[in-house]
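Read-outs: derived from the displayed coordinates by stated rules, not from any lab. This one's a predicted model, so the numbers in the text were calculated from it and none came from an experiment. Here Cβ is always computed from backbone atoms with ideal geometry, including for glycine, and neighbour counts include all displayed protein chains.
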Amino acid sequence: MFEQSFKNIDNILHTDSGCGTELDYVEQTSWILFLKYLDDLEETKKTEAALAGKKYEYILSPEDHWDVWACPKSDDGKLDHNKALDGDDLRDFINNKLFPYLKSFKSEAPNTIEYKIGEIFSELKNKISSGYKLREILNIVDSMHFRLYEEKHELSHLYEAKIKNMGNAGRNGGEYYTPRPLIKTIVKVVAPKIGDTIYDGACGSAGFLVEAYKFLAEDPSKLSSAQMATLQNKTFYGKEIKSLAYIIGIMNMILHGIEAPNIRHMNTLAENINDIQEKDRYSVILANPPFGAGIGREIQQNFPIKTGETAFLFLQHFIKILKAGGRAGIVIKNTFLSNTDNASVSLRKLLLENCNLHTVLDLPGGAFQGAGVKTVVLFFEKGAPTKKVWFYQLNLDRNLGKGNPLNENDLAEFVELQKTKVDSNNSWSIDVKDIDQTTFDLSVKNPSKGGEVVLREPREILEEIGKLDEESEDILNKVKSLL
């Protein structure tokens, strides 16, 4: 229904001087789609209220309804050109009246759709410089309706595709995108239930939270109103530091049916993990934290294991904020399993002693487009130490890349074998008591391949050498200070 409309909007934005990248296209399409979706949502709620014999109170003031400012209609149902703003008048109305009005909603109570509207439009600005191009886009979006389930389903599907394109547009976008087949697989294995609280502390475009919602609400007709209320208000939680990812994440959830997402715009790592209390904890964690070194010492002070590696700080946060008995599926660089620097060894020890790391999924290179690093997925439960770890090495008969991405069929054997954790050509188990108790090395060594160790990328080896050099220099400086 909408695919050609999306392409037409991209073609228009491509010719506008204010929008230069795929990131801009997604951002600018998002706020317009969101306002049209909101208008359809309000009309649906008005109809539902009328059927219940109640009066519906609109969120937006009458003059800010879509059919007043965006696309007013004449009696024949066509655009009323006498009332419809265009050119500079349209652009000025959006920039000087509409956006400031929508920002004002941030004064409403948190965790309401009104508050989320305020947050979105506090972070966004209209980058479409031509009011005439704005008019063209509004006319296209006006022809799209999001009231039926099929319409909402296609919108969410196409929006996910746009986020994926954004992820492929460059490093900044790529940070926000985790392959959906991998997310779906992680959700299947962790298997959240209604009543769980599901958390992603580095939620980006909210892919994990969206897929968890789709997993739990696969057939909404089978859920009670109380269960749907739980899913809407008390299930999904996230944090995101980057403005664009935060906005896209909120809109992605709203466009998938979560009306007031519990996503906060903040730096997760700025929170001292010693301040986390029982009331702050979650029963399920699904995440792909960002990789990369360079975290400042002031942030590292919030963690018992000091390291400049972002993902290692996130892993400490996740272990701490997971409830006893809680379950997690977390993507991390495969070097976590074997690095010999103090932080890596200490973190492996912490994980194995505090959680049951029952499964490790070893992914091939290219699973993350443009990432340049190999990754693993850690599946664990908190509350009991690890005794045995089941490994599965995803061996494919093709190279993964942009034209040949990871798909769900690639992961089907893993999902099936993981249920019983049996040995196969691609899977095996190790007893923790048999590993080196000083390094806690968990290197992926597939016995069916002669126990060979999967070679690391040269860049990763150089990074580890650099960390070891830094540690050696610190030790030498301490020794010198004692002399």
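Sorting 22-28, 47-53, 427-433, 336-342 by average packing, meaning the other beta carbons within 10 Å per residue, from highest down gives 22-28, 336-342, 427-433, 47-53. In a fully extended conformation the segment linking Lys433 and Thr15 would gain 144.2 nm over its present Cα-Cα distance, using 0.36 nm per residue. Scan the chain and note any complete DSSP helix (H) whose C-alpha atoms cover at least 20 Å along its axis and whose Kyte-Doolittle average is -1.0 or more. Result, helices passing both filters: 22-51, 458-482. Projected label points at Glu298 and Ser61, each 7 Å from Cα along the beta carbon direction, are separated by 4.0 nanometres.
Relative to its residue count, region 171-466 spans a Cα convex hull of 138 Å³ per residue.
A convex hull fitted to the Cα coordinates of region 198-322 yields 96 cubic angstrom per residue.
Summed over all non-identical Cα pairs, the Kirkwood treatment of region 3-147 gives a radius of 16.1 Å. Separation of the alpha carbons by more than 23 angstrom is noted, of Lys242/Lys279; Lys188/Lys382; Lys54/Lys193, for Lys242/Lys279; Lys54/Lys193. Treating each Cα of region 176-219 as one equal point scatterer and applying the Debye formula with no solvent, the log10 of I(q)/I(0) at q = 0.33 Å⁻¹ comes out as -1.38.
The distance from the alpha carbon centre of region 354-393 to that of region 185-256 is 22 Å, rounded to a whole number.
For region 83-155, the Kirkwood hydrodynamic radius from C-alpha pairs, put into Stokes-Einstein at 37 °C and a viscosity of 0.692 mPa s, yields a diffusion coefficient of 235 µm² per second. For the chain, the antiparallel share of DSSP beta bridges with both residues in that region comes to about 55%.
At R0 = 41 Å, how high is the FRET efficiency between Ser104 and Ser224 if r is their beta carbon distance? Nearest 0.05 is fine. Efficiency for this residue pair is about 0.70. In this label model, Ser5 and Asp92 are separated by 3.0 nm, measuring between points 7 Å along each Cα→Cβ vector. Each of Val422, Val479, Val189, Val331 has some number of other Cβ atoms within 10 Å of its Cβ, and from fewest to most they run Val479, Val422, Val189, Val331.
Extending 7 Å from Cα along the Cβ direction at Val479 and again at Arg398 yields two label points whose distance is 5.4 nm. Is the shape of region 313-389 best called rounded, prolate or oblate, per the rule: a/c under 1.5 gives rounded, else a/b larger than b/c gives prolate, else oblate, with a ≥ b ≥ c the square roots of the Cα gyration tensor eigenvalues? Verdict is prolate for region 313-389.
Listed from fewest to most Cβ neighbours within 10 Å, the set Glu136, Glu240 follows the order Glu136, Glu240.
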